[in-house]
Amino acid sequence: MKLTFLGTGTSNGIPVIGCGCSVCCSDDPRDRRTRTSALIQIDGKSLLIDTAPELRLQAVAVGLERVDAVLFTHPHADHVGGFDDLRRFNQINQAQIPVYADALTAGNIRQRFAYAFERPFPFFGGKPDLDLRVFDGPFEVLGIPVVPFQVGHGSWIVNGFRFGDTVYLTDAKDIPPASIDAMRGARTLVINALRHHPHPVHLSLDEALAVIAEIGPERAYIVHISHEMGPHAAINATLPEGVELAYDGLAVECA
């Protein structure tokens, strides 16, 4: 199973509009971060996690030519804003694409993108053509068992996902004991960390590192990073062994 980080930035992306900080002006390509999303590829199939506003650019950047299913973590704009770009994958596949979300996210998507669920076009590619499937427990996508678990993100609930020994979690702040238990034993852990000092609805770096230490994965990758975190190279050098900041385009093999 290959995991590709399509985007690793927070809701503003990096560079941030109108900002002249050292990160936003960096010439290190790892400091240029589109909004957070990811891709899992297994047995020739591609599973997209969230549709960031830059989905088209992310897909072009990594040479993505096929999406067979989509998982949504939650309905915030930085995680669903590229929804319309799914229509190109309908055109490529010449088929509907199954989309998985919890009930709240599914309802929000249906309201926000109502045109996608109106009567079908007579051809694929004119609009997103999706089969929206609501989950409320473990399910299977493209032959991959998926175990969702919930975390707090302010007043919102966000879904993390476990795929075998790999866990993907973004936009967490409050992680209940049951969700910690759901992550235990993971060999690869993806988790969000916004910046160094505390934030009301996102994990800070120290908070994320504490979760990583409790779970004890072989490898951990940090995503949903703001420009306040600092330059990629400098921060990466301070992290514990086996922990690193992910960056757009990074691809890793997972169990």
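Considering the range 158-185, the residues that are aliphatic (A, V, I, L, M) and crowded, with 16+ Cβ neighbours inside 10 Å include one that is nearest to the chain's Cα centre (by Cα), namely L169.
A single member of L203, L194 is without any contact (Cβ under 8 Å) to a residue 40 or more places away in the chain and touching a helix residue (DSSP H, G or I) at 6+ places or on another chain (Cβ under 9 Å), and it is L203.
I'm trying to understand the selection: among the residues of the range 151-167, which are within 17 Å of P75 (Cβ to Cβ) and not β-branched (V, I, T)? Write out each step before concluding.
Residues of the range 151-167 that are within 17 Å of P75 (Cβ to Cβ), as a first pass: 151-161.
Answer for the range 151-167, where residues must be within 17 Å of P75 (Cβ to Cβ) and not β-branched (V, I, T): G152, H153, G154, S155, W156, N159, G160, F161.
In the range 165-185, the residues that are within 21 Å of L71 (Cα to Cα) form Cβ pairs under 7 Å with partners that are in a helix (DSSP H, G or I) and modelled with pLDDT of 95 or more, at six or more places apart or across chains, as follows: V167/M183; I175/V211; I180/E214; M183/I215.
Quick check on my filter: what residues within the range 38-68 are surrounded by 20 or more Cβ atoms within 10 Å (Cβ to Cβ) and on the phi > 0 side of the Ramachandran plot? Residue satisfying the conditions is D50 alone. Among the residues of the range 143-153, which ones are farther than 30 Å from P198 by Cβ and at pLDDT 95 or above? The answer is P145, V146. Taken over the range 91-123, residues that are polar (S, T, N, Q), part of a loop (DSSP other than H, G, I, E, B) and surrounded by 13 or more Cβ atoms within 10 Å (Cβ to Cβ) amount to 1.
Inside the range 164-193, residues that are in contact with a strand residue (DSSP E or B) (Cβ under 6 Å, 6 or more places away or on another chain) and either part of a strand (DSSP E or B) or within 19 Å of S37 (Cβ to Cβ) (or both) make up a count of 13. Can you pull out the residues in the range 77-90 that are surrounded by 14 or more Cβ atoms within 10 Å (Cβ to Cβ), of a type outside the set (F, W, Y) and closer than 28 Å to I157 by Cα? Across the range 77-90, the qualifying residues are D78, H79, V80, G81, G82, D84, D85, L86, R87.
Of all residues in the range 236-250, those satisfying the criterion of being of a type in the set (A, V, I, L, M, F, W, C), closer than 28 Å to G63 by Cβ and not in a strand (DSSP E or B) are A246, L250.
The values are calculated or read from the model by the stated rules, or taken from the named source; none is laboratory data. Because the structure is a prediction, the values reported are computed rather than measured. Cβ coordinates were reconstructed from backbone atoms using ideal geometry, including for glycine residues, and neighbour counts include every protein chain displayed.
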